[in-house]
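Please read the structure below before turning to the comments.
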Amino acid sequence: MNKTAQPTTGSRRQCRVCDSSDLQPAVDLGMQPWCNHFLKPEQIGTEPAYPLRVVWCADCRTAQLDFTVKKEIMFGDHTYLSGVTRSLSDHFRDVAGDVDRRFAATCGPRKSVLDIGSNDGTQLKHFRDLGYEVLGVESSKTTARIANDAGIDTLNEFFNLDVACQLNRKFDVVNAAGVFFHLEELHSVTDGIRQSLAPDGVFVVQFLYMKRIVDNLAFDQIYHEHLLYYNLRTIETLLNRHGLGLFDARVASIHGGSVIAYVGHLGRRQPSPRLQALRAAEEESSANELETYRDFAVRIEQMKEENLAFLDEAKRLGRRVYGFGAPVKGNTLLNYFGIGTRYLDCLVEKNVLRKGLYSPGQHIPVVLEHEIEMPPDIYYVLAWNFRQEILANNQHLLDRGVQFYFPVIPQDVYA
Ligand SMILES: [Zn+2]
């Protein structure tokens, strides 16, 4: 399907969705290391940097990166675990329950689900509890092993059309949460999904909603793994091109604003009133226009000034400041703002796989939450998307006067 023989890594001059060469610069976050590679001490300073630039396609209007880091570097062995965060696990349970309630009637006699980018199997466990036969496809070796050890059947592969053909099986539900913007082999993967989907099957795709990222100024969601930044209009262009069609969508608060979209074979189902309302709101807000992205870039600069002013003042007053969380997206923010150990003594994290490592670019040490004996004066919260969970879990620190500073505060989710 990828007829244009564009390089799969490095710089691109053509749109990832429609092949147009009319790509306009939108947001330039400079040269940045691959943000998911937390460094061992001996690796500090050896990490390569790559351009991190969002361009906008004047033809299909998809926002996207114009540079691809090789997928073997990006997804070969990442250390992100969905099961670590409770609110994420709750979200996955809700998604499985919702899908089952709505679509179980159109499933075959033995309900089945394929999860693409299944991570540690957290989503599939919820489907299994509802009686589904489950299969995961996960590119990270470590994470796939964790899922298999937990009894969730998981292939350690990059999903694409070849893998779908080898599986040679139709699923009632195909799920892809948070991977659909990663995909270097976008067209092959989308063909693979159509191939794997039963005639009345439902493809449930969750993706960061670019409109919400822009509204919330959550620019740290821009990183090398996220090759594409969809709105409804732009993901529909992609899906339609591959014989799939959106029939329903809702906005969820997860990751600071995501869309959960329901997709079937093209023309099989009518678009829901909810989808039509979201589409209309998107068009009215100019979310797909270049001007909106250029304005976003200006607002990011203002945010940088405000954040650095806050941290400079904190340092001037002799406050101790730690980063809260060591999420991948935090590195975009730290590197673009130039927030290093001058400001943050360490990043405090729950994920044991990051213990003893250093953030790429700024080289801030990661410390596990239970290792902190004395809390700082201020937590600079990189994991801002778990705001409520963080505040609720740390009431004892708030009571002691510890300040939690959120660089990004998402507005309440509408719709
Ligand atoms: Zn395009």
Pair list, Cβ under 6 Å, 6 or more apart: segment 155-170 residue more than 16 Å from GLU138 (Cα to Cα), other residue open to solvent by less than 80 Å² (accessible area, probe 1.4 Å) and modelled with pLDDT of 95 or more: LYS170/ALA198
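Condition first: in a helix (DSSP H, G or I) and either touching a residue at least 12 places away in the same chain (Cβ under 8 Å) or surrounded by 16 or more Cβ atoms within 10 Å (Cβ to Cβ) (or both). Can you find one or more residues in segment 109-123 that meet it?
Within segment 109-123, one or more residues are in a helix (DSSP H, G or I) and either touching a residue at least 12 places away in the same chain (Cβ under 8 Å) or surrounded by 16 or more Cβ atoms within 10 Å (Cβ to Cβ) (or both).
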Do any residues in segment 234-249 that are within 17 Å of VAL99 (Cβ to Cβ) have Cβ atoms under 6 Å from those of residues that are within 16 Å of the ligand (Cβ to nearest atom) and modelled with pLDDT of 95 or more, where the two are at least six apart or on different chains, and which pairs are they? LEU246/GLU236
For segment 152-177, give me the residue count where each residue is in contact with a helix residue (DSSP H, G or I) (Cβ under 7 Å, 6 or more places away or on another chain) and either assigned to a strand (DSSP E or B) or open to solvent by less than 40 Å² (accessible area, probe 1.4 Å) (or both). 11
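Yes/no matrix, rows are residues, columns are (1) open to solvent by 10 Å² or more (accessible area, probe 1.4 Å); (2) small (Gly, Ala, Ser); (3) outside any strand (DSSP E or B); (4) closer than 25 Å to LEU23 by Cα:
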residue	(1), (2), (3), (4)
ASP215	yes, no, yes, yes
HIS224	no, no, yes, yes
GLN276	yes, no, yes, no
GLU282	no, no, yes, yes
GLU291	yes, no, yes, yes
PHE296	no, no, yes, yes
GLU301	yes, no, yes, yes
LEU311	no, no, yes, no
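Being modelled with pLDDT under 95 and either of a type outside the set (Ser, Thr, Tyr) or buried (at least 23 other Cβ atoms within 10 Å of the Cβ) (or both) is the requirement here; does VAL189 meet it? First the steps, then the outcome.
On the way: modelled with pLDDT under 95: yes; either of a type outside the set (Ser, Thr, Tyr) or buried (at least 23 other Cβ atoms within 10 Å of the Cβ) (or both): yes.
Against the criterion (modelled with pLDDT under 95 and either of a type outside the set (Ser, Thr, Tyr) or buried (at least 23 other Cβ atoms within 10 Å of the Cβ) (or both)), VAL189 qualifies.
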Looking only at segment 342-371, which residues are open to solvent by 40 Å² or more (accessible area, probe 1.4 Å) and more than 23 Å from GLY45 (Cβ to Cβ)? LYS350, VAL352, GLU369, HIS370, GLU371
Those residues of segment 53-70 which are within 16 Å of the ligand (Cβ to nearest atom) and in a loop (DSSP other than H, G, I, E, B), in sequence order: ALA58, ASP59, CYS60, ARG61, THR62, ASP66
As an exercise: evaluate ARG387 against (1) surrounded by 21 or more Cβ atoms within 10 Å (Cβ to Cβ); (2) under 19 Å from the mean Cα position of the chain (by Cα); (3) not polar (S, T, N, Q) and give the number of the one condition it does not meet. (1)
Output the residues belonging to segment 238-260 that are within 16 Å of the ligand (Cβ to nearest atom) and surrounded by fewer than 19 Cβ atoms within 10 Å (Cβ to Cβ). ASN240, ARG241
Pick from segment 157-166 the residues that are under 20 Å from the mean Cα position of the chain (by Cα) and not charged (D, E, K, R): which of them is farthest from LEU197 (Cα to Cα)? PHE158
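Let's see how each residue does on (1) at pLDDT below 85; (2) away from the ligand (no atom under 16 Å from the Cβ); (3) touching a Leu at 6+ places or on another chain (Cβ under 7 Å); (4) not β-branched (Val, Ile, Thr):
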{"position": "CYS15", "(1), (2), (3), (4)": "no, no, yes, yes"}
{"position": "LEU29", "(1), (2), (3), (4)": "no, yes, yes, yes"}
{"position": "GLN32", "(1), (2), (3), (4)": "no, yes, yes, yes"}
{"position": "PRO41", "(1), (2), (3), (4)": "no, yes, no, yes"}
{"position": "PRO51", "(1), (2), (3), (4)": "no, yes, no, yes"}
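The values are calculated or read from the model by the stated rules, or taken from the named source; none is laboratory data. Note that this is a predicted model, so its numbers are computed, not measured. Quick reminder, even Gly has a Cβ in these numbers, built from the backbone with ideal geometry, and neighbours come from all protein chains shown. Side chains are part of the model used for accessible areas, which takes the heavy atoms of the whole protein and leaves out ligands, DNA and RNA. Shrake-Rupley method; radii C 1.70, N 1.55, O 1.52, S 1.80 Å.
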